[in-house]
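A.B. asks: Just passing along the structure, written as structure tokens.
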Amino acid sequence: MLTASFRHIRGIGPLRERQLWLRGIESWSAVPQGPILSPSLDARLRDGIAQSAARLAAGDYGFFARALPESEQFRILPHAIEEAGFVDVESAEALTVIGVLDRDGPRSFMGDALPEFPARAAGWKMIVTFNGCAFDLPHLRTMFPGWEPPEAHLDLCHALRRAGQRGSLKEIEARVGLERPLRLLRPSPLQASVLWRAQRAGDPAALRRLVEYNLTDAFHLRPLAEIAYNLLVRRLRMPAKELPVSDRGALLYDVSKAVERAVQG
């Protein structure tokens, strides 16, 4: 997708980018010799492509995250997906649970394990959340003052809304076919607090349910990100291939094991 993108180059806005696509210039390598847009823009275009190719080869997705508008961060996903962290945070009274899915599999951070989160996140090139701009990232920055997320951040709440999918995470999951058992319907903050109080009162099943909610949210973010990307590619008629959508079945067993590890401490 990035090699079909020109929006990040100074002077190339959405209309000029589409103009290039309509003229058959659908990738950096397709830029012809000779005049294209104008003498000044052509120079910027060629310089920008040379710089972009070098940054992409170096895996510097932060370069593109800084240069692209927030609404276009989804373009980075196909390149960074295997080095991304899919993150969901649940917070209830004195409890914070951080659910993560990345190349090392699913993991829940809570209690004494919370300080291990920044080290786990250190190798990520992109972070994917649902409403993370408003909640997850501010909460994580407060918890870990020295930690900064990757510059490339895909907030699926905004990306899915742009793709025509509005509503809560649970509502969107149901519409796109990511069903979950009734016991794992996402709790409200009040219900999360109830579960936390029940756990403190000696109900071990309450904490397990909260961890299951959290990890299910986190591991659903990957197929949701792939679905959002594909919807946007179609909706915006971009010259890019769609992503295969991850098979949840392969991850369900790993999620179950991660829940057991978290609950047992």
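A.B. asks: Being open to solvent by 40 Å² or more (accessible area, probe 1.4 Å) and not polar (S, T, N, Q) narrows it down to one of His139, His153, so name that one.
C.D. replies: None of the other options fit; the residue is His139.
A.B. asks: Hey, does segment 23-40 have a residue that's aromatic (Phe, Trp, Tyr), surrounded by 15 or more Cβ atoms within 10 Å (Cβ to Cβ) and touching a residue at least 60 places away in the same chain (Cβ under 8 Å)?
C.D. replies: no
A.B. asks: Any residue in segment 123-132 that is more than 15 Å from the chain's Cα centre (by Cα) and among the β-branched types (Val, Ile, Thr)?
C.D. replies: No, segment 123-132 contains no residue that is more than 15 Å from the chain's Cα centre (by Cα) and among the β-branched types (Val, Ile, Thr).
A.B. asks: Just checking, does segment 106-127 include any residue being of a type in the set (D, E, K, R), open to solvent by less than 30 Å² (accessible area, probe 1.4 Å) and without any contact (Cβ under 8 Å) to a residue 24 or more places away in the chain?
C.D. replies: Among the residues of segment 106-127, not one is of a type in the set (D, E, K, R), open to solvent by less than 30 Å² (accessible area, probe 1.4 Å) and without any contact (Cβ under 8 Å) to a residue 24 or more places away in the chain, which makes the answer no.
A.B. asks: Only one of (1) surrounded by fewer than 18 Cβ atoms within 10 Å (Cβ to Cβ); (2) under 18 Å from Gly132 (Cα atoms) is not met by Asp47, so which one is it?
C.D. replies: (2)
A.B. asks: So which residues in segment 135-169 are among the aliphatic types (A, V, I, L, M), touching a Ser or Thr at 6+ places or on another chain (Cβ under 8 Å) and modelled with pLDDT under 95, if there are any at all?
C.D. replies: Answer for segment 135-169, where residues must be among the aliphatic types (A, V, I, L, M), touching a Ser or Thr at 6+ places or on another chain (Cβ under 8 Å) and modelled with pLDDT under 95: just Met143.
A.B. asks: Looking at Gln51, Gln33, which one is at pLDDT below 95 and either in contact with a Phe, Trp or Tyr (Cβ under 9 Å, 6 or more places away or on another chain) or farther than 27 Å from Pro150 by Cβ (or both)?
C.D. replies: Gln33
The values are calculated or read from the model by the stated rules, or taken from the named source; none is laboratory data. Source: prediction; values computed, not measured. Cβ sites come from the backbone with ideal geometry, for glycine too, and all protein chains shown count toward neighbours. Note: areas computed on protein heavy atoms with side chains; ligands, DNA, RNA excluded. Shrake-Rupley method; radii C 1.70, N 1.55, O 1.52, S 1.80 Å.
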